[in-house]
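The values are calculated or read from the model by the stated rules, or taken from the named source; none is laboratory data. Bear in mind the structure is a predicted one, so any value in this text is a computation, not a measurement. Heads up, the Cβs are rebuilt from the backbone with ideal geometry, glycines too, and the neighbour counts pull from every protein chain shown.
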Amino acid sequence: MINMTHKTLIKVRGYHLDIYQHVNNARYLEFLEEARWGYLEDSGDIDWFASHGLAWVIVNININYRVAATMGDTLEVYTCFSKVGGKSAVVSQEVRIAGKDALAADAQVTFVCLDQKTGKAVSIEGELKARLEQHISEN
């Protein structure tokens, strides 16, 4: 998954750590979210979603914790779309520790696109589907 579409760098700070002096598992959710926002901003898609009254709503996250990250580590969070279905899509993410060739965590994030006026999930078709599919990783 190294050739993913987007990379976000995050420096591990003291407030990310738990009593065992490694990154607390709950912080990975924040790191993954930060990377997804960066991905949307850098791709220009965030403006398109907003102008069409659509919002991403997470319906499932699966995280595998692999290697502990510690104070001072720089994390590389790789993000890409891996699947687009009729009502949902999946974003794949990896958190790697820079300079250590170590995979700290990986995640599969499933979301639906919500119509902000109705509060209901919309079908992923037409321009929306094309926009999402252009980001699917080649892996």
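Quick one: in the stretch 66-78, which of the residues that are part of a loop (DSSP other than H, G, I, E, B) and in contact (Cβ under 8 Å) with a residue 60 or more places away in the chain is surrounded by the fewest Cβ atoms within 10 Å (Cβ to Cβ)? So that I can check it myself, show each step before the final result.
Step one: list which residues in the stretch 66-78 are part of a loop (DSSP other than H, G, I, E, B), which gives 66-69, 71-73.
Of the ones still in play, those that are also in contact (Cβ under 8 Å) with a residue 60 or more places away in the chain are 72-73.
Numbers: 72: 9, 73: 20.
For the stretch 66-78, the residue satisfying everything is 72.
Please identify the pairs in which a residue from the stretch 114-134 that is polar (S, T, N, Q) has its Cβ atom under 7 Å from the Cβ atom of a residue that is surrounded by 11 or more Cβ atoms within 10 Å (Cβ to Cβ) and in a loop (DSSP other than H, G, I, E, B), counting only partners at least 6 apart or on another chain.
If the second residue must be surrounded by 11 or more Cβ atoms within 10 Å (Cβ to Cβ) and in a loop (DSSP other than H, G, I, E, B), the pairs left are 116/53; 123/87.
Name the residue that is modelled with the lowest pLDDT, counting only residues in the stretch 79-136 that are surrounded by 13 or more Cβ atoms within 10 Å (Cβ to Cβ) and among the basic types (Lys, Arg).
131
Condition first: free of Cβ contacts under 8 Å to residues at least 60 places away in the same chain, surrounded by 14 or more Cβ atoms within 10 Å (Cβ to Cβ) and not aliphatic (A, V, I, L, M). Now tell me which residues in the stretch 43-65 satisfy that. Talk me through it step by step, then tell me what you get.
Quick first cut of the stretch 43-65, residues free of Cβ contacts under 8 Å to residues at least 60 places away in the same chain only: 44, 46-47, 50-51, 56, 58-65.
This time we only want the ones that are surrounded by 14 or more Cβ atoms within 10 Å (Cβ to Cβ), so: 46, 56, 58, 61, 63, 65.
Those that are free of Cβ contacts under 8 Å to residues at least 60 places away in the same chain, surrounded by 14 or more Cβ atoms within 10 Å (Cβ to Cβ) and not aliphatic (A, V, I, L, M): 56, 65.
I'd like the full set of residues that are in contact (Cβ under 8 Å) with a residue 24 or more places away in the chain, part of a helix (DSSP H, G or I) and of a type in the set (A, V, I, L, M), limited to the stretch 18-42.
If the condition is that a residue be in contact (Cβ under 8 Å) with a residue 24 or more places away in the chain, part of a helix (DSSP H, G or I) and of a type in the set (A, V, I, L, M), then 29, 32, 35 are the ones that fit.
Scan the stretch 7-17 residue by residue and report those that are part of a strand (DSSP E or B), among the hydrophobic types (A, V, I, L, M, F, W, C) and surrounded by 14 or more Cβ atoms within 10 Å (Cβ to Cβ).
10, 17
Can you find, within the stretch 65-122, the residue that is nearest to residue 135 (Cα to Cα) among those that are among the charged types (D, E, K, R) and out of contact with any Asp or Glu (no Cβ under 9 Å at 6 or more places or on another chain)? Give the steps one after another, and end with the answer.
At the first step, the residues of the stretch 65-122 found to be among the charged types (D, E, K, R) are 66, 73, 76, 83, 87, 94, 96, 100-101, 106, 115, 117, 120.
Of the ones still in play, those that are also out of contact with any Asp or Glu (no Cβ under 9 Å at 6 or more places or on another chain) are 73, 83, 87, 101, 115, 117, 120.
Values: 73: 28, 83: 10, 87: 17, 101: 25, 115: 21, 117: 26, 120: 24 Å.
The qualifying residue nearest to residue 135 (Cα to Cα) is 83.
Limited to the stretch 99-118, what total is found for residues that are among the small types (Gly, Ala, Ser) and more than 16 Å from residue 34 (Cβ to Cβ)?
2
Determine which single condition residue 55 fails, assuming it passes every other condition in (1) closer than 19 Å to residue 10 by Cβ; (2) outside any helix (DSSP H, G or I); (3) modelled with pLDDT under 95.
Every condition holds for residue 55 apart from (1).
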